[in-house]
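Worksheet: one structure, shown below.
Here, each number is a calculation from the coordinates, and none is a lab measurement. What you see is a predicted model; the values in this text were computed from it and never measured. Heads up, the Cβs are rebuilt from the backbone with ideal geometry, glycines too, and the neighbour counts pull from every protein chain shown.
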Amino acid sequence: MALITKAPRGTQDVLPADSYKWQYLEDTAIAVAKDFGYRELRTPVFEHTELFQRSVGETTDVVQKEMYTFEDKGARSITLRPEGTAGAARALLEHSLHAEALPAKICYLTSCYRYEKPQAGRLREFHQFGIECFGAAEPQADAEVISVAYTLLETLGVTGVKLHLNSIGCPACRANYHEALKAYFEANIETLCGTCRDRLDRNPMRILDCKSPVCHELAANAPVMLDFLCDECAEHFEKVKACLTAADIAFEIDPHIVRGLDYYTRTVFEFVSDALGAQAVVCGGGRYDGLIEELGGPHLPSLGFGMGLERLLMILEAKEAKMPESPRPDIYIAPLGAGAVNACFAMALKLRTGGVAVETDLVGRGLKAQMKYADKLRARTVLVLGDNELEAGVARLKDMETGEQTEVSLDGDDLYTTLYNLSLRRELADLNDLFEAAVEDE
């Protein structure tokens, strides 16, 4: 019985006390993406396994070790999505989005699933915000995708994050690099883990992304792709850097970035935080010019990124970044007596439909208990309405922050005008507080 009351290992609940933080991150991410012209896409939580084998790559850790794959009742191999790009690319082709005006710019909020050892910021069920820009070959597209992530982090007030940049070239120039890598690792083959020995002939670049400490140490001194770029790839990379420099987006070249998925080409990047120790990457992405062709579509140069929301939230909390406070009711309506219950219920509904956050008693508490409950909810105002008040045509209002008490007429127009105005004034005050905090940060 203990198992059914405990979440599976590597998953977590987002409790009501914290869900507003997630909503803030998600709403901010979608709003920033919208400013850049990206529209939301929603895809299924599972796909045909072959989609990930062909896109992510059969030699990657994701496909070899981490995917949640099962056979459904129709004997089809199905996999819970381990990342967002493959499903977005499949949707693009299935619905012919590439036949519309290009580039096709989409964003998404998605859950992903990988069977990894759970640790801080790395769960088996995790959540990502991502964008994909399909059909854009120019270097300024790389810079724009990077600038979406940069703008989002700036908007959220994330500090201590650096942009790391690299190019891993195209299939043409990567062939020579593969030969150099293969020669380097063959000279050290006895120290490679079993998985990487298998990768040596098929895709030696995957060794650079191995999580084994021995392979990781060996990879630190391996040849770097920047020394093997063809003229076209080198020129593309220089233009990306020039575009970022023109926009005052600071970066540092990191020749060891390869990303963990096979579909990447040319530009790859990561935003790295100083707040989380070894789990430092909060966002990663790059260009994948051959992915759509690999899935049976036309040649469609494309790129994007994924940003882990669990990790982003950890960074915000570690940096004590300013976030909105948790939601609180504008008004708590406290009924006293059987006659007042229905009147209070109707009043609460009318205010709610007008956009006012209202709570009222649902468990039959007395006045003292209701006032304590309203205080726990951090209600801004309490309206007390009993049978005596109904008969007299007035209600009592208490400002929970100042303790000031006033009477208000139960006449429909007077009452609702007073309560709507209270809510509006507080909303404006909250907006002013946020504005002043932003000015202070500047």
| request: Return the long-range amide H neighbours of T267 (sequence gap of 5 or more, or a different chain), with a cut-off of under 5 Å between placed amide H atoms. | output: I168, R287
| message | How much length would be gained if the chain were fully extended between K65 and D387, taking 0.36 nm per residue of separation minus their Cα-Cα distance, in nm to one decimal? | response | 109.2 nm
| query | So if R0 is 35 Å, what FRET efficiency would V363 and T406 give, r being the distance between their Cβ atoms, rounded to the nearest 0.05? | reply | 0.80
| segment 63-93: trypsin sites (Lys or Arg not before Pro) falling in loop per DSSP and having at most 16 other Cβ within 10 Å | K73, R76
| query | Among the helices of the chain (complete DSSP H runs), which have Cα atoms covering no less than 20 Å along the helix axis and a Kyte-Doolittle mean of at least 0.5? | reply | 139-156, 338-353
| message | Straight-line reach from K322: which lysines fall under 21 Å, measuring Cα to Cα and dropping same-chain residues less than 8 apart? | response | K21, K162
| said: Can you work out the Karplus-derived ³J(HN,Hα) for every residue in segment 73-84? Use 6.51 cos²θ - 1.76 cosθ + 1.60 with θ = phi - 60°, whole Hz, and x for glycine or proline. | reply: 6, x, 6, 9, 7, 10, 10, 5, 4, x, 7, x
| note | Low-density loop GluC sites (Glu not before Pro), segment 171-221, at most 15 other Cβ within 10 Å, DSSP non-H/G/I/E/B, are none
| field | Cα-centre dipole for segment 167-212 with unit charges at Cβ (Lys and Arg positive, Asp and Glu negative), debye to 20 | value | 160
| said: Placing unit charges on C-beta atoms (Lys and Arg positive, Asp and Glu negative, everything else neutral), compute the dipole magnitude of segment 1-93 about its Cα centre in debye, rounded to 20. | reply: 160
| Ranked from highest to lowest mean number of other Cβ atoms within 10 Å per residue, what is the order of the peptides 296-309, 319-332? | 296-309, 319-332
| query | Tell me, what HN-Hα J-couplings in whole Hz come from the Karplus equation 6.51 cos²θ - 1.76 cosθ + 1.60 at θ = phi - 60° for each residue of segment 384-392, using x for Gly and Pro? | reply | 9, 9, x, 4, 5, 5, 4, 5, 7
